């Protein structure tokens, strides 16, 4: 792949570490799901900050490369880090742009989904028996902090856009405006129906019109 | 090719020797260092050679079922990385002119349980014993500078590559200017000393340092690859140009 403009490949030291982590994760995945990725390539463009990496299925692992030279990846995903994480882990592709073969992306999502990874066992294999408890607790605490930070960040961003920058209408204003629009639409619809009925009645009462011969005001009637 | 080479002379480190003599003398060097080659690589590069090779494997981007030729493959670092990635349907051929290096590589890979899709071939890079258009990837790591006629070797690498196949040459090169004084001191003082202490052979490591200086720089090698008929030639410096990874495609 020739990386898209402004996309820098991740350095080898980082992709090597990532490959280790991803494959450690996939070890707990269904073997067939990983095997389906063999020979396929999935490029990921993280914007911002404009970094790229490629997952390339090998016979025994999912390779993580900085870029793929001289060939187009089967599928390219582009989006923010949060949107990409949601797309790869949860299957929510709403925030990412997908170019290429979506079936390959589905295979990757299947491989990544439903993995029950034994973090405690893995940590203890690295740091020794009994060490996993405090580390996992610290990890849970960190995850809680990050979750709260993300929620607060979203709320603060909405407040800023609404109250300071005035990019969004104040709370309640949009709803009131939407109700007014709905009411106006109903009133207009009724008015239009009324006018149409009046036009019909007017046409029916006009002298010399085709409707007048049989209409209620015609000379031969009644 | 220089006038000297045209008259059948070439470099062996800083010495000028007859072309037919170089292969034998390089053979002596590698026979001498084969047993402790991996250890010396780790010590002298402070382990960085693993990252350079890892980067080469990444750039190769191999897939299951591919055929890979690891030229001057010696102790099999690259082959050990390629073999599991290409799987049972693929094939890695380690080709080295030096039997001692091949034996060291074969023993090591057998000890690691890497068997089945790896072949060991003793052969000359200037006359490869493989059919035309046979491999998807050809790699040569820290081997090209020891080849007597590099132009012939590059042409042979092109010949055995399939259309669309890629060549990757990992080799010592010319570091950026600020690094050169330190690099020279390290190469000519520290390397032979460590060679003497660890492998008991200072001369061989002095040759390795000298051969690096005599190897074409980045641009010259890129031009040689183009002249050999390879296309999309590009290179990247690693560790400030101490090593360069040249890549090219055969169409």
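Look at (1) in a helix (DSSP H, G or I); (2) touching a strand residue (DSSP E or B) at 6+ places or on another chain (Cβ under 9 Å); (3) under 22 Å from residue B:237 (Cα atoms); (4) more than 10 Å from chain A (Cβ to nearest Cβ) and you find that residue B:43 fails only one, number (2). Of the listed requirements (1) modelled with pLDDT under 85; (2) outside any helix (DSSP H, G or I); (3) touching a strand residue (DSSP E or B) at 6+ places or on another chain (Cβ under 9 Å); (4) away from chain B (no Cβ under 13 Å), residue A:22 misses just one: (2). Flag: residue B:50 matches the condition of being within 14 Å of chain A (Cβ to nearest Cβ) and either part of a helix (DSSP H, G or I) or modelled with pLDDT of 75 or more (or both).
The strands (runs of 3 or more DSSP E) found wholly in region A:45-88 and carrying at least 2 residues that are within 14 Å of chain B (Cβ to nearest Cβ) occupy A:51-57, A:62-65.
Scanning region B:60-86 for residues being at the interface with chain A (Cβ under 8 Å from one of its Cβ atoms), part of a helix (DSSP H, G or I) and buried (at least 21 other Cβ atoms within 10 Å of the Cβ) gives a total of 2. All of A:95, A:102 fail the test of being in contact with a strand residue (DSSP E or B) (Cβ under 6 Å, 6 or more places away or on another chain), over 19 Å from residue A:25 (Cα atoms), in the same structural domain as residue A:74 (by TED's automatic domain parsing) and modelled with pLDDT of 75 or more, apart from A:95. Considering only residues in region A:1-15 that are in contact with a strand residue (DSSP E or B) (Cβ under 8 Å, 6 or more places away or on another chain) and modelled with pLDDT of 75 or more, the one that is nearest to the other protein chains (Cβ to nearest Cβ) turns out to be A:15. Checked against (1) touching a strand residue (DSSP E or B) at 6+ places or on another chain (Cβ under 6 Å); (2) surrounded by fewer than 19 Cβ atoms within 10 Å (Cβ to Cβ), residue B:193 passes all but a single condition, namely (1).
Of the numbered criteria (1) under 19 Å from residue B:238 (Cβ atoms); (2) free of Cβ contacts under 8 Å to residues at least 60 places away in the same chain, the one residue B:188 fails is (1). When residue B:92 is tested against (1) within 23 Å of residue B:156 (Cα to Cα); (2) part of a helix (DSSP H, G or I); (3) within 14 Å of another protein chain (Cβ to nearest Cβ), just one condition goes unmet, and that condition is (2). For region B:194-223, a residue qualifies if it is under 18 Å from residue B:146 (Cα atoms), at pLDDT 85 or above and assigned to a helix (DSSP H, G or I), and the qualifying residues are B:218, B:220, B:221, B:222.
Among the residues of region B:227-242, is any part of a loop (DSSP other than H, G, I, E, B), within 14 Å of another protein chain (Cβ to nearest Cβ), at negative phi and surrounded by 20 or more Cβ atoms within 10 Å (Cβ to Cβ)? Yes: region B:227-242 contains one or more residues that are part of a loop (DSSP other than H, G, I, E, B), within 14 Å of another protein chain (Cβ to nearest Cβ), at negative phi and surrounded by 20 or more Cβ atoms within 10 Å (Cβ to Cβ). Once region B:87-113 is narrowed to residues that are out of contact with any strand residue (DSSP E or B) (no Cβ under 9 Å at 6 or more places or on another chain) and more than 20 Å from residue B:24 (Cα to Cα), the residue that is surrounded by the most Cβ atoms within 10 Å (Cβ to Cβ) is B:108.
The values are calculated or read from the model by the stated rules, or taken from the named source; none is laboratory data. The structure displayed is predicted, hence computed values, not measured ones. In this analysis, Cβ positions are derived from the backbone assuming ideal geometry, glycine residues included, and neighbour counts consider all displayed protein chains.
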